[in-house]
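S.K.: Handing you a structure now.
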Amino acid sequence: MTALRILVADDHEIVRRGLCAILGSQAGWEVCGEAADAREAVEKTKQLRPDIVILDIGMPSLNGLDATRQILRNDPEQPVLILTITDVEQVIEEVLHAGARGFVLKADAAQDLTMAVEALQQDRTFFNSRAGEMVLHGFSGGGGSMSKKAILPRLTAREREVVQLLAEGKNTKEVAVMLDLSVKTAETHRSNIMRKLGVHCLSELVLYAVRNRIVQIAEPIPEGHGAEQMGEDAATPTAAQVPLIN
């Protein structure tokens, strides 16, 4: 019988090790690859063609949701499971819009991860009960954040990458190097983004990135709630850091 091949991506090594330990303990499953960031995950998904990809949502330089979009552009049938620190309505919407098959809260990974992988293995989705209620009732009856999102300017995939890097504190030259662009092209992207969003300074751009889940403010996992089983220090940040705004 062919083993279920799983790729795991998380920028925190201790969390990644914990996830791999949980997955590797299951009969008939193997972790075929690990990635320390989302860009590496996109490339390794192309190379390794795993049965399931598990992505942390809050990774630096490229978040898990945008990585999911890139992976699904390359292979629309690839099952992706998102790891997240919160199940607020906007995150659930974004997971669905990105095309992931479900998500697991990091704090609940010790008990939920194997169930989630089994669901994806059987071509089903996996959401917790709170998310299921939101999906069932159409996200606040259609009057919630989904309707508000429709009026936001639509950024291209490349523009979202530029926003994330700028919000994480990279300057235009660093953005150009990381995305393999000319400095002039990176500057043009930055100007177009600021014009589209109607923002006039970096702090406003950071606020936009946080509010729209392009980057996340680090939050600790509540002490004693799942972190121990995964070998994760509760004080370790679990999402991408963003610059402080004075």
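Where a number appears in this text, it was derived from the coordinates with a stated rule and is not lab data. These figures come from a predicted structure and were not determined experimentally. For neighbour counting, all protein chains shown are included, and Cβ atoms are generated from backbone atoms with ideal geometry for every residue, glycine included.
S.K.: Please give me the summed charge of the neighbours of ALA157: other residues whose Cβ is under 11 Å from its Cβ, Lys and Arg +1, Asp and Glu -1.
M.R.: Around ALA157, the surrounding residues sum to +2.
S.K.: Taking the simple approach of a point 7 Å from Cα along Cα-to-Cβ for both GLU187 and ASP37, what is their distance in nm?
M.R.: Those two pseudo-labels are separated by 2.4 nm.
S.K.: How long is the gain from ALA21 to ARG158 if the chain were fully straight, where each residue apart is worth 0.36 nm and the alpha carbon distance is subtracted?
M.R.: 45.9 nm
S.K.: Report the net charge of residues surrounding VAL199, where surrounding means a beta-carbon distance below 12 angstrom and charges are Lys +1, Arg +1, Asp -1, Glu -1.
M.R.: Counting the neighbours of VAL199, the net charge comes to +3.
S.K.: Long-range amide H contacts for ILE85: which residues qualify at under 5 Å (H placed 1.01 Å from N, peptide plane, sequence gap of 5 or more or a different chain)?
M.R.: For ILE85, whose amide H was placed from the backbone, the distant partners under 5 Å are LYS106.
S.K.: Obtain the nm distance between the two label points defined at GLU77 and ALA3 by a simple spin-label model: each point lies 7 Å from its Cα along the Cα-to-C-beta direction.
M.R.: 2.3 nm
S.K.: Can you tally the net charge around PRO60? Count Lys and Arg as +1, Asp and Glu as -1, for every other residue whose Cβ sits under 9 Å from the Cβ of PRO60.
M.R.: Here the count lands on -3.
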